[in-house]
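Step one of this worksheet: look at the structure below.
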Amino acid sequence: MRKPVYEIAAVHDLSGYGRCSLTVAIPILSCMGMQVCPLPTSILSTHTGGFKDYTFFDFTDQMQGIIDHWKKLDINFDAIYTGFLGSSKQIDIIADFIDRFHHDSLLVVVDPVMGDEGELYDTIGKPIVEGMKKLVKKADLITPNITEAAILLGEENYGSLTVNEIKEILEKLSDTGPGMVVVTSVICENEKHPVVVAYNRKSGRYWKIRSDYFPVYYPGTGDIFSSIMTGCILRGDSLPVSAATAVEFISAAIKETYGHDLPPRNGIMFEKVLNLLAGTKLSGFLNISAL
Ligand code: PXL
């Protein structure tokens, strides 16, 4: 029987300030009616994009114990959703976690968080990059931005791309394992602003999703995107509907944020529009059992 609430193991960092990773995945997926079970990879005072002197606590040594306890409890996750990792050692731990909790309908989403705008994030070195190339093989869905797509394929940063070049990149990424690939921040010839592109290997179809453009960079937006993708795919939405939902939501959240004079490193004020993700399915009912 289908569960009343899907259970998602979310393998990301916990950054205290600056909206990203677990502090966006938990509210977003909860709002979509799903239970998020965090497996922290690291604990930071802030994210690493634009804050100086942040603290970083590598959580690797705790992860196996948490997974073993979950296994002992016989928890049956509906999805395992991974993002920012704290060390390359975590790759083997997570790969083994996916194998041990595998079942036919398990959805594995890997957001290969490594960098953006042509640069690696502060804490990401070659061992994590090489490990991430292994981890994506185990995924059903990956959600890199275009910088991460180039890193995964061992290519230089991409500039403006033709539709055929984009299709080739999506297919190459899918050839590494995942049947569904969604790439964000793609510069496509003949498009005024960056687009999101998606590929579903099973149907052989490709999709392009345009979005509103704002000339500012907000860290954590990719984590919001991937969290919504995870929730939508898990509940049975199509790949293009999932990507379009994520794009629309982010656009609404940026509109809320853009007019305020706040540092972009604080991220987008998605809290103001979370209601867009919540289904209102309340209706009155009566308990007539005892009548
Ligand atoms: O949003 C990606 C991300 C996640 N986690 C941490 C980060 C970043 C990007 O800067 O620093 C800790």
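Figures for the structure shown
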read-out: Share of alpha-carbon pairs per 10 Å distance bin for the stretch 136-291, given as whole %; value: 10, 36, 31, 14, 5, 3, 1, 0
read-out: Computed [θ] at 222 nm, deg cm²/dmol, the chain (DSSP H ≥ 4; -39,500 (n - 2.57); rounded to nearest 500); value: -10500 deg cm²/dmol
read-out: Carbon and sulfur %, accessible surface of the stretch 7-290 computed with the full protein complex present, 1.4 Å; value: 51 percent
read-out: Hydrodynamic radius by Kirkwood, which averages 1/r over all alpha carbon pairs of the stretch 7-290, in angstrom; value: 19.3 Å
read-out: Extension gain (nm, one decimal) between E256 and D53, 0.36 nm per residue minus Cα-Cα; value: 70.2 nm
read-out: Gained length - T162 relative to D96, 0.36 nm times residue gap less alpha-carbon distance; value: 19.9 nm
read-out: Residues of type lysines that K172 reaches as a straight line, Cα spacing below 25 Å, ignoring anything fewer than 8 places off in the same chain; value: K126, K133, K134, K137, K138, K202, K208
read-out: Solvent-accessible area of C20 with every protein chain in place, 1.4 Å probe, in Å² to the nearest 10; value: 10 Å²
read-out: The stretch 211-272 and the stretch 107-166: distance between their alpha carbon centers, rounded to Å; value: 19 Å
read-out: Candidate residues R100, R19: accessible-area rank, largest first, probe 1.4 Å; value: R100, R19
read-out: Stokes-Einstein D for the stretch 1-44, Kirkwood Rh over Cα pairs, 25 °C, 0.890 mPa s (µm²/s); value: 225 µm²/s
read-out: Per residue accessible area of the stretch 7-290, 1.4 Å probe, in Å²; value: 48 Å²
read-out: q = 0.09 Å⁻¹: log10 I(q)/I(0) that the Debye formula gives for the stretch 62-198, counting C-alpha atoms only; value: -0.29
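The values are calculated or read from the model by the stated rules, or taken from the named source; none is laboratory data. No experiment lies behind these values; they were computed from the predicted model shown. The area values use the complete protein model at the heavy-atom level, side chains included, leaving out ligands, DNA and RNA. Shrake-Rupley method; radii C 1.70, N 1.55, O 1.52, S 1.80 Å.
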